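Q: One structure is given below, represented as structure tokens, and several questions about it will come after.
None of the figures in this text is laboratory data; all of them are computed from the coordinates on show. Since we're looking at a predicted model, the values are computed, not measured. Cβ coordinates were reconstructed from backbone atoms using ideal geometry, including for glycine residues, and neighbour counts include every protein chain displayed.
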Amino acid sequence: MTAKIIDGKEIAVKVRQQWKERVDKLKESGILPGLAVIIVGDNPASRVYVRNKIKACHEVGMHSELHDLPEDISETMLLEAIERLNQDKTIHGILVQLPLPEHIDVNRVLETIAVEKDVDGFHLYNLGGLVAGNTVFPPCTPYGVQCLLEYCEISIEGENAVIVGRSNIVGKPMALMLLQKSATVTVCTSKTKDLKQFTSLADILVVATGKPNLITADMVKPGATVIDVGINRLDDGRLVGDVDFEGVKEVAGYITPVPGGVGPMTITMLVANTVIAAEQKLGAE
Ligand code: GUN
């Protein structure tokens, strides 16, 4: 079997068009949805992500602004910058790109973002909503994965979903979202003994570990859907995921490539969350 490739880039273009129509509607009501992106320091990967996020906002006609802060900014000054954006009526979504420098307490930063502007979905309130099943802003990467599964009409209910990686950004929220859709969910970590025992049961396998080639063809159930959230830069400069794409695509039913799989959808869902934040603001006025 050769897997169907889930072309996240192409799907993202189509999904973004739907969100653009909602942006246009908001503009007709006199609201221009606005996203503020804060980046601290010079992490090169973060710079690429942030550039792509700003670009996506422009594509759908939203306002966006980049707050480019120096590596040695104090935590107090960063919190003050967030407070100002919390009060700013032209801004509906605030995103602080992670990771932050070590002298800054990331939890304090995330808790300072107003919950109604937390379009990354990282605030404890929004994470709690995810647990309770009435999510306000789902974190963008797992939301993008869910959107890809739905777009490709891959059923979730009753399926075995195995997630490798337990990060707050991907693994944990992904588990909750798939559980909410009535999948049977297993979460594996970097310490899981005999990983293959679990991955080979998966109808849907989501991998987010940052370890190239962690998942090989022998670990995948024939016909499974394999979603690779990993992004790793190899010494030779190539960008790869956590899945041995060439091997696994001969076994899986569906597979996402890296790059061009989950990444474009993550950014699309950031646009979606910001549009929803603006719509909610309009509804509340
Ligand atoms: N760093 C890696 N992924 C993300 C993300 O989805 N949001 C933010 N803010 N930072 C990240």
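Q: For each of 270, 124, count neighbouring Cβ atoms within 10 Å of the residue's Cβ, then give the residues from fewest to most.
A: 124, 270
Q: Right, here's the next one. Return the FRET efficiency for the residue pair residue 86, residue 46: r is the Cβ-Cβ distance, R0 is 30 Å, and the value is rounded to the nearest 0.05. The partial results should precede the final answer.
A: Working: r = 22 Å, r/R0 = 0.74.
About 0.85, to the nearest 0.05.
Q: Quickly work out the residue 151-to-residue 186 label distance, labels modelled 7 Å from Cα along the C-beta direction, and quote it in nm with one decimal.
A: In this crude spin-label approximation the distance works out to 2.9 nm.
Q: Above 37 angstrom, tally the Cα pairs of the chain and express them as a % of all pairs, no decimals.
A: 13 percent
Q: Moving to a separate point now. Just want the answer: with Cβ charges of +1 for Lys and Arg and -1 for Asp and Glu, which residue in 267, 101, 91 is farthest toward the dipole's positive end in the chain?
A: 267
Q: Next up: Based on the Cβ-Cβ distance of residue 107 and residue 211, what FRET efficiency does E = 1/(1 + (r/R0)^6) give at R0 = 35 Å, to the nearest 0.05?
A: Given R0 = 35 Å and the Cβ-Cβ separation, E is 0.85.
Q: Shifting gears a bit: About the Cα centre of region 4-56, what is the dipole size in debye to 20, counting +1 per Lys and Arg Cβ and -1 per Asp and Glu Cβ, all else neutral?
A: 100 debye
Q: Could you give the length gained by full extension between residue 68 and residue 25, i.e. 0.36 nm per residue of separation minus their alpha carbon distance, to one decimal place? Kindly include the intermediate steps, with their values, before the conclusion.
A: Working: separation 43, 0.36 × 43 = 15.48 nm, distance 3.04 nm.
Between residue 68 and residue 25, full extension yields 12.4 nm more.
Q: Let me ask something else about it. What size of dipole, in debye to the nearest 20, comes out for region 53-198 about its Cα centre when the only charges are +1 on Lys and Arg C-beta atoms and -1 on Asp and Glu C-beta atoms?
A: In total the dipole reaches around 580 debye.
Q: Test of understanding: ordering 123, 67, 92 by Cβ neighbours within 10 Å, fewest first, what list do you get?
A: Ordered from fewest to most neighbouring Cβ atoms within 10 Å, 123, 67, 92 come out as 67, 123, 92.
Q: Quote to one decimal, in nm, the extra length available between residue 238 and residue 18 on full extension: 0.36 nm per residue of separation minus the C-alpha distance between them.
A: Value of the extension gain: 76.0 nm.
Q: Order these by the 10 Å Cβ neighbour count, fewest first: 73, 227.
A: 73, 227
Q: Taking the Cβ-Cβ separation of residue 7 and residue 280 as r and a Förster radius of 22 Å, what is the calculated FRET efficiency to the nearest 0.05?
A: 0.10
Q: Which value in nm describes the separation of the simple spin-label points at residue 55 and residue 218, placed 7 Å from the Cα toward the beta carbon?
A: With each label point 7 Å from Cα toward Cβ, the separation is 4.0 nm.
Q: While we're looking at this one, here's another question. What number results when the radius of gyration of region 188-242, computed over Cα atoms, is divided by 2.2 N^0.38 Å?
A: Normalised Rg, Cα atoms only: 1.15.
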